[in-house]
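Right, one structure below, let's go through it.
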Amino acid sequence: MNVLVVGSGGREHAIAASVAKSAKADKIYCAPGNAGIGQIAECVPIGAMEFEKLVAFAKEKAIDFVIVGMDDPLVGGLVDAMEAEGIRTFGPRKNAAILEGSKAFSKDLMKKYKIPTAAYENFDSAEAAKTYLQEKADFPIVLKADGLALGKGVLICNTLEEALAGVDTIMKDKKFGDAGNRMVIEEFMTGREVSVLSFVDGKTIRIMTSAQDHKRAQDGDQGLNTGGMGTFSPSPFYTEEVDAFCHQYIYQATVDAMAAEGRPFKGVIFFGLMLTPKGPRVLEYNARFGDPEAQVVLPRMKNDILEVMEACVDGTLDQIDLQFEDNAAVCVVLASDGYPVSYEKGFVIEGLDKFDGAEGYYCFHAGTKRTEKGIVTNGGRVLGVTAKGNNLKEARANAYAATEWVSFANKYMRHDIGKAIDEA
Ligand code: AMP
Ligand code: GLY
């Protein structure tokens, strides 16, 4: 099969690396890709939102299978555009990607189908939101821009004043753009967060191994929210009891709800869960692999990824026995100092070759670019260094050792990725 992966981050590198291991893969392309992906696939300079160009490219190169990694093109309808030309594509259509594309939609869906989540109200106007805050709210409270906001459209407000200002930030100042045309105000929950990714074929769901992300920029979960500074898998907090609860009340219920709404979901559903004292609750849905969850989950998957993805497209996922290695993986993100606010780019990265042939070690590129000087930093998140181990402690020690193999100016990382496992 000729395969086209759409996206340019560490997640797409992890996806492309799994595809490269598939017995079914011939030629792999990635649009637009990055310097690391360029070592295993041919990168083509077409942006993920340039649908016409992507479709034309797929036809020209006789692409058999397209994998859309990122949320924006999924929510924008890239799968529909490919399918309209008869090109088999992994990912939800636009009418199903709304599960991630609109938080108001997903909250209403959960309410209608009694899927456990935080209590909430949706608002179309800043005035109505403020009246609600003044008359009904308990604090802290959570404000969410309705649409896609790079994972940053969530404000946790401790006081009424903060919340009123937050409404202006989202709906009046439009800090998150059109994502703030509507907003959700929801109950603040406490507990440990777990990311559970799944493959879905419209009716059947297969759960992958669990993971946990570290969203804040600094150690001890301090600092600003980022796209994710590191992950570990599996999560020791995702117990059999939690798994049983989620199977009973969340996973299949979500797939069935989407089908009942005439929006059958095919692709990856990412369940962002919070393990509250009252039981697991859905924090959010994503319509794609997590980044950097994919970087710890996919290296542990035993199946041929193309076989599983084709089963999702064909509606035959019930015939797939999804299997993961009985080990652990940790990913530490190497970022540019100053991320997520402002940072410099263009610094040469040394030591990448140390990963060549190192079994159980992976260096997934996020923001990198090949230049005549060599491979240079080209983003806030630069690399995701993943290592496996027999257990989480070993995987963590291995991953941190491997972070020393590479160097570049302004290299920044958290030093406590996976530290929570000490408490498990
Ligand atoms: P989201 O993009 O919805 O995952 O939200 C980003 C982060 O905000 C989550 O990972 C949580 O840490 C936090 N968050 C979101 N919703 C809530 C909530 N209802 N209660 C507490 N924290 C939340
Ligand atoms: N790591 C969180 C996300 O991909 O949304």
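The residue of segment 149-189 that is nearest to ligand 2 (Cβ to nearest atom), among those that are open to solvent by 50 Å² or more (accessible area, probe 1.4 Å) and among the small types (Gly, Ala, Ser), is GLY151. When ASP422 is tested against (1) at pLDDT 95 or above; (2) open to solvent by 60 Å² or more (accessible area, probe 1.4 Å); (3) outside any loop (DSSP other than H, G, I, E, B), just one condition goes unmet, and that condition is (1).
Against the test of being surrounded by fewer than 16 Cβ atoms within 10 Å (Cβ to Cβ), among the hydrophobic types (A, V, I, L, M, F, W, C) and within 24 Å of PHE199 (Cβ to Cβ), the options ALA96, ALA58, ALA31, ALA84 yield a single qualifying residue, ALA84.
Considering only segment 273-296, I want to know if a residue exists there that is away from ligand 1 (no atom under 16 Å from the Cβ), open to solvent by 10 Å² or more (accessible area, probe 1.4 Å) and not charged (D, E, K, R). No: zero hits. Scanning segment 297-337 for residues that are open to solvent by 30 Å² or more (accessible area, probe 1.4 Å), outside any helix (DSSP H, G or I) and out of contact with any Lys or Arg (no Cβ under 7 Å at 6 or more places or on another chain), we see that the one that is farthest from ALA366 (Cα to Cα) is THR316.
Kindly indicate the residue of segment 94-141 that is hydroxyl-bearing (Ser, Thr, Tyr) and under 20 Å from ALA179 (Cβ atoms) and also farthest from the chain's Cα centre (by Cα) among those meeting that condition. Only one residue tops the list, namely TYR132.
Are any residues in segment 356-368 buried (at least 19 other Cβ atoms within 10 Å of the Cβ) and of a type outside the set (Val, Ile, Thr), and if so, which ones? Give the derivation first.
Residues of segment 356-368 that are buried (at least 19 other Cβ atoms within 10 Å of the Cβ), as a first pass: 361-368.
Once the filter is applied, which keeps residues that are buried (at least 19 other Cβ atoms within 10 Å of the Cβ) and of a type outside the set (Val, Ile, Thr), segment 356-368 yields TYR361, TYR362, CYS363, PHE364, HIS365, ALA366, GLY367.
The set of residues in segment 270-296 being within 13 Å of ligand 2 (Cβ to nearest atom) and either modelled with pLDDT under 95 or not in a strand (DSSP E or B) (or both) consists of ALA287, ARG288, PHE289, GLY290, ASP291, PRO292, GLU293, ALA294, GLN295, VAL296.
If you go through segment 2-60, how many residues are on the phi < 0 side of the Ramachandran plot and not in a helix (DSSP H, G or I)?
Total meeting the criteria: 32.
Each residue in segment 397-412 was checked for being crowded, with 17+ Cβ neighbours inside 10 Å and closer than 16 Å to TYR361 by Cβ, and 6 of them qualify. Applying the criterion of being more than 23 Å from GLY346 (Cα to Cα) and hydrophobic (A, V, I, L, M, F, W, C) to the residues of segment 381-396, the residue that is most open to solvent (accessible area, probe 1.4 Å) is LEU392. Taking the criterion of being without any contact (Cβ under 8 Å) to a residue 60 or more places away in the chain and basic (Lys, Arg), the residues of segment 103-137 that qualify are LYS111, LYS130, LYS136. If you check VAL341, VAL348 for being surrounded by fewer than 20 Cβ atoms within 10 Å (Cβ to Cβ) and at pLDDT below 95, only one passes: VAL341. Take the conditions touching a residue at least 12 places away in the same chain (Cβ under 8 Å) and within 16 Å of ligand 1 (Cβ to nearest atom) and apply them to PHE245. Does it pass? In short, no.
The values are calculated or read from the model by the stated rules, or taken from the named source; none is laboratory data. All values reported here derive from a predicted model rather than from experimental measurement. A quick note on method: Cβ atoms are made from the backbone with ideal geometry, for glycine too, and the neighbour counts reach across all protein chains shown. Heavy atoms of the whole protein, side chains included, go into the accessibility calculation; ligands, DNA and RNA do not. Shrake-Rupley method; radii C 1.70, N 1.55, O 1.52, S 1.80 Å.
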